[in-house]
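Remarks on the structure that follows.
The values are calculated or read from the model by the stated rules, or taken from the named source; none is laboratory data. Predicted model only: the values in this text are computed from it and were never measured. Here the Cβ positions follow ideal geometry from the backbone for every residue, glycine too, while neighbour counts run over all protein chains shown. Surface areas here come from the heavy atoms of the whole protein model, side chains and all, with no ligands, DNA or RNA. Shrake-Rupley method; radii C 1.70, N 1.55, O 1.52, S 1.80 Å.
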Amino acid sequence: MTEYHKIMERRASIMKRSLGLDYDRFESEGIGFDYEMMMQDAGYTLRDVERIQHENNVGRTPLIELKRLTAYARKYAKKGYGARILLKDEAANLSGSFKARRAAMSVHHAKRLGFEGVIAATSGNYGAAVAALAARAGLKCIIVQECFDSKGIGQPEIIEKARACQAYGAEVVQLSVGPELFNQFLFLLEETGYFNASLYSPYGIMGIETLGVEIATEVFKRYRKYPEMVIATNAGGGNLTGTARGLKKAKAIDTEIVAASVDLSGLHMASDTDFNKKSFTTGHTGFGIPFSTFPDRSDVPRSAARPLRYMDRYVLLNQGSVFYMTEALAILEGLERGPAGNTSLAAAFSLAQTLPEDHIIVCQETEYTGAGKHVNAQVHFAKEHGIDLLFGDPLKEIPGRNIIFPEDGSKVRHRELSMDDLKRSYLRHYRGNELSDRDLNYLSTELKVEENRLKELWEDIHETEK
């Protein structure tokens, strides 16, 4: 047996020790588990989370009405349409993204339990957030980052994020794309005895609940109603999950929750050849769809990020449209922000044109920008790697072959994913099982669907495989 297989066999015990959370307690008979019990056992109230974040310069970020961008959307909408677009400016957080909300809780809990340091496996903003919060707490920090292809070439955006982690004093372990990331992560957890500051733990998700609460309370205070729609850029699912839970805790129960991702269909995220053919390193379908339809693929036994429990719609935008809206935000509103949050902004711009003027859409996060995250750096990198840069119909973009920029705002259009198809994809993981009443009840909640419709979806996947 190889060392790789040996450490993978010990993954359950390594995770249990590194989180201080016994996931076996939450397992139910059959395929399900008690999700709410897992969240409650984390041991923090909403008020606790707000206090911990505030003490660490996290949260209470500005809510900005994008008046000029709204007017631009209305230019292309029919009379009486063009919803008001608001932006929650999470770049104002310590480390420059909403990920600081998650990191504040993970790092606080690690210190409370007496861990000497924290480890996170991430190539995104979460690494910088964990590094920054660990620095404030006086804890050591290691970030494990999938950074290069086999030729040692990394995208400017990923390299920028590594720089940010190092700036906060973290040790950054940079790896090439492939299966070694999780194996190396487990090895370091076992070797160091550090805390697993996972994106997918209850601590990480409850940290984002405050974002949903702030959106609901601030919109209600200003406009005397809750937003009709909140759009979350979706990758691993924690952003949407935590925001939706917070909205519901603040009584915004009728707000429509929309996921938005960059469409990278056809590119495989674990492929060495595909790794540098994309121009977005997070917030894309390569993470958003698999983590929605199989959330327990993460670095904990049961992920607390379960987006299909809360998602009402899932829309996709092409790379060119997100770049276009990144520049529109800067030019029209004087806000230069990083790429991932602008995915939800591009979705909002398109969706606003389908909604009445008196409706409110909130893009629930922004992130900081930097040299490597800038549009110019990513587009230049794409051109160097043989990607054609075109103007035209963004819906005709072929990921890995071209980037199509819209000629004007009328061409920024979203594509709707079938929620039933996503739910069928989720159910296929259990197609060899005989579902009990307990399983059906669990799946009904997990997929946000009535049991009768669930049974129809279950029958669908078996009919298509005959």
For segment 85-112 the number of residues that are in contact with a strand residue (DSSP E or B) (Cβ under 7 Å, 6 or more places away or on another chain) and outside any helix (DSSP H, G or I) is 6
Being at pLDDT 95 or above, open to solvent by 10 Å² or more (accessible area, probe 1.4 Å) and within 14 Å of the chain's Cα centre (by Cα) narrows Y310, Y314 down to just Y310
Can you tell me which of (1) over 25 Å from D421 (Cβ atoms); (2) of a type in the set (D, E, K, R); (3) at pLDDT 95 or above; (4) buried (at least 22 other Cβ atoms within 10 Å of the Cβ) is the one K221 doesn't meet? (4)
Show the residue pairs that are 6+ apart or on different chains and have beta-carbon atoms under 7 Å apart, the first residue being within segment 51-80 and more than 16 Å from V219 (Cβ to Cβ), the second being open to solvent by 80 Å² or more (accessible area, probe 1.4 Å) and outside any loop (DSSP other than H, G, I, E, B). N56/R136
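For every residue, the table says whether it meets (1) in contact with a strand residue (DSSP E or B) (Cβ under 7 Å, 6 or more places away or on another chain); (2) over 27 Å from R74 (Cβ atoms).
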| site | (1), (2) |
| --- | --- |
| G341 | yes, no |
| A347 | yes, no |
| S350 | no, no |
| P356 | yes, no |
| I387 | yes, yes |
| L390 | yes, yes |
| K396 | yes, no |
Taking segment 407-439 as the region of interest, how many residues are more than 30 Å from T343 (Cβ to Cβ), open to solvent by 50 Å² or more (accessible area, probe 1.4 Å) and assigned to a helix (DSSP H, G or I)? 2
Which residue pairs have Cβ atoms under 6 Å apart, sit 6 or more places apart or on different chains, and have a first residue in segment 119-144 that is over 17 Å from I52 (Cα atoms) and a second that is open to solvent by 20 Å² or more (accessible area, probe 1.4 Å) and small (G, A, S)? V144/A121
Determine which single condition E191 fails, assuming it passes every other condition in (1) part of a helix (DSSP H, G or I); (2) crowded, with 18+ Cβ neighbours inside 10 Å. (2)
Examine segment 333-340 for a residue that is in contact (Cβ under 8 Å) with a residue 40 or more places away in the chain, open to solvent by 10 Å² or more (accessible area, probe 1.4 Å) and in a helix (DSSP H, G or I), and state whether such a residue exists. yes
Within segment 386-406, tally of residues that are assigned to a strand (DSSP E or B) and open to solvent by 70 Å² or more (accessible area, probe 1.4 Å): 3
Considering segment 51-70, residues that are part of a helix (DSSP H, G or I) and open to solvent by 60 Å² or more (accessible area, probe 1.4 Å), and then whichever is farthest from E256 (Cα to Cα), we arrive at E55
When you go through K383, K448 one by one, which is the residue that is open to solvent by 50 Å² or more (accessible area, probe 1.4 Å) and in a helix (DSSP H, G or I)? K383
All but one of (1) surrounded by fewer than 21 Cβ atoms within 10 Å (Cβ to Cβ); (2) not β-branched (V, I, T); (3) not in a loop (DSSP other than H, G, I, E, B) hold for L247, so report the exception by its number. (1)
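Going through I253, I289 one at a time, which residue ends up being assigned to a helix (DSSP H, G or I), open to solvent by 10 Å² or more (accessible area, probe 1.4 Å) and of a type in the set (A, V, I, L, M, F, W, C)?
Result of the check over I253, I289: I289.
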If we scan segment 14-36, do we find a residue that is among the aliphatic types (A, V, I, L, M) and surrounded by fewer than 16 Cβ atoms within 10 Å (Cβ to Cβ)? no
Since Y442 meets every condition but one in (1) in contact (Cβ under 8 Å) with a residue 60 or more places away in the chain; (2) touching a helix residue (DSSP H, G or I) at 6+ places or on another chain (Cβ under 7 Å); (3) open to solvent by less than 30 Å² (accessible area, probe 1.4 Å), which condition does it not meet? (2)
Scan E171, E146, E160 and give me the residue that is open to solvent by 10 Å² or more (accessible area, probe 1.4 Å), over 19 Å from the mean Cα position of the chain (by Cα) and among the charged types (D, E, K, R). E171
